[in-house]
Amino acid sequence: MTEATADPSAAASVATASKGASVTESTNLSDTSTWLPLDGLAPGFDANKAPLSDALVGRTLTVVDDRGTRIAHTFGSGSVSWVYKPGESDPTEPAAQTDACEVFEVDEDLYYAQFHHDYLPNEAVSLFLDLRSGYALAVVSIIGEAAPGHTAVQQLFAPSRIEELAQTGAAPAPTIELIGRRAMWVYSSEHTYEHIYLTPHWYTWQCLAGPEQGLADTDEQTTWRLRPGIYVFAWREKVIPCASVTVADHRDQRSLRSHGVLFGLDEAGTSQTHFTFGAFGRLLSNTVHPAEYDPALRDAADAGASEGTN
């Protein structure tokens with residue numbers, strides 16, 4: 001099993017981070033036109049990225065969703081060749097291509113593959129493959145246009161089974177297990193952020209150290225559980241045209257570990273920016289709301305009531 005051990009320099013990173021460039025006191029923090037673009041954040045943000053894994057090289061894994069859509073993935077060294085065969089209710093055209101791909105080992109027999117389509121550069125795929133359970137989850141991030149009611153980058157979540165393996169245990173599913181937690185994530189000696197998981201729809205971030213120090217916002221999020229204590233946490237920003245997909249191991253509250261990607265537009269708004277990263281973290285606190293005010297229970301009850309009136 002791959003244990004989520006903390007980087008020995010992680011504690012020192014937080015202190016060192018305060019020495020880096022940051023938003024100055026004279027900056028109007030509320031003027032979002034001055035916020036750092038995605039390509040401005042990228043340099044150095046990947047310092048705590050995990051080593052790449054070659055465990056899937058030479059393997060073909062076919063994911064099949066509930067529409068009958070089949071996507072075969074054959075992994076090479078730094079690449080994935082995929083063949084898309086839509087099911088009867090899937091309007092997507094058949095397609096096939098080879099893309100550059102990075103693979104990370106999240107836990108024993110649990111892998112995260114990240115690739116950016118060449119033929120559709122506005123799409124990036126985050127694929128989570130659980131070889132123990134035989135299930136998979138794909139998150140497709142798609143760059144579009146921001147409009148009232150949705151962010152510039154949207155995300156689709158597609159759970160599936162792995163055709164070559166038997167299915168055992170629980171399939172990936174949306175979860176409210178992170179709600180109420182407050183965590184700190186160290187991405188490099190210059191970049192440290194805090195995440196507060198508010199509701200099934202919202203989370204708040206603030207930059208504790210780094211070029212965005214002093215900035216904070218509340219954005220849309222979606223959380224799925226892959227295994228006990230291991231979650232896919234994805235967010236979509238409304239100010240900067242970007243989104244992120246991460247897989248985070250919360251089993252040891254003093255030694256969290258995450259792997260992920262940021263995907264969106266550059267400062268000019270004409271080219272895609274796509275890069276992977278990693279972070280070491282720790283749980284700072286956990287808020288327990290009275291049952292009548294618990295946002296997780298309230299939102300679940302509201303959803304059930306809405307379904308009952310349809």
Discussion item. Quick check: the distance between the Cα centres of segment 212-280 and segment 84-148, to the nearest angstrom?
Written reply: 16 Å
Worksheet item: Label points 7 Å out from Cα along the Cβ direction at A95 and K238: separation in nm?
Response: 2.9 nm
Worksheet item: Which of T273, T246, T34 moves the most in a Gaussian network model of the chain with Cα springs under 10 Å?
Response: T34
Discussion item. Let me check I've understood the local charge: for H116, count other residues with C-beta under 11 angstrom from its C-beta, Lys and Arg +1, Asp and Glu -1. What total comes out?
Written reply: -4
Item to complete: Could you work out which residue, out of E194, E145, E292, moves most in a Gaussian network model of the chain, that is, has the largest mean-square fluctuation with Cα springs under 10 Å?
Response: E292
Fill in: Candidates A124, A113, A291, ranked by Gaussian network fluctuation over the chain, Cα under 10 Å, top entry
A291
Discussion item. Loop only by DSSP, 11 or fewer other Cβ within 10 Å of the Cβ. Give me the trypsin sites (Lys or Arg not before Pro) in segment 187-276 that pass, ordered by residue number.
Written reply: R254
Practice prompt. For segment 60-170, go through all pairs of different Cα atoms, get the mean of 1/r, take its inverse, and jot down that Kirkwood value in Å.
Written response: 14.7 Å
Worksheet item: So what J values fall out for segment 193-202 if you push phi through Karplus, 6.51 cos²θ - 1.76 cosθ + 1.60 with θ = phi - 60°, rounded to Hz, Gly and Pro as x?
Response: 10, 10, 10, 10, 8, 8, 9, x, 10, 10
Response to the item:
In degrees, nearest 10, the alpha-carbon axis of helix 295-308 is tilted away from the dominant principal axis of the alpha carbons of the chain by 40 degrees
Worksheet entry | Label-point gap, in nm, between D31 and T204 - each point 7 angstrom along Cα→Cβ | 2.5 nm
Item to complete: Between A170 and S285, with labels modelled 7 Å along Cα→Cβ, what's the label distance in nm to one decimal, could you check?
Response: 2.8 nm
Item to complete: Report the full-extension gain for the segment A268 to K85: residue separation times 0.36 nm, less the Cα-Cα distance, to one decimal in nm.
Response: 62.3 nm
Discussion item. I'd like the Karplus ³J(HN,Hα) series for segment 65-72: coefficients 6.51, -1.76, 1.60, θ = phi - 60°, whole numbers in Hz, and an x wherever there's a Gly or Pro.
Written reply: 9, 6, 8, x, 5, 10, 10, 8
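A short reminder: the numbers here are calculations on the coordinates, not readings from a lab. Computed from a predicted model, the values in this text were never measured in an experiment. A quick note on method: Cβ atoms are made from the backbone with ideal geometry, for glycine too, and the neighbour counts reach across all protein chains shown.
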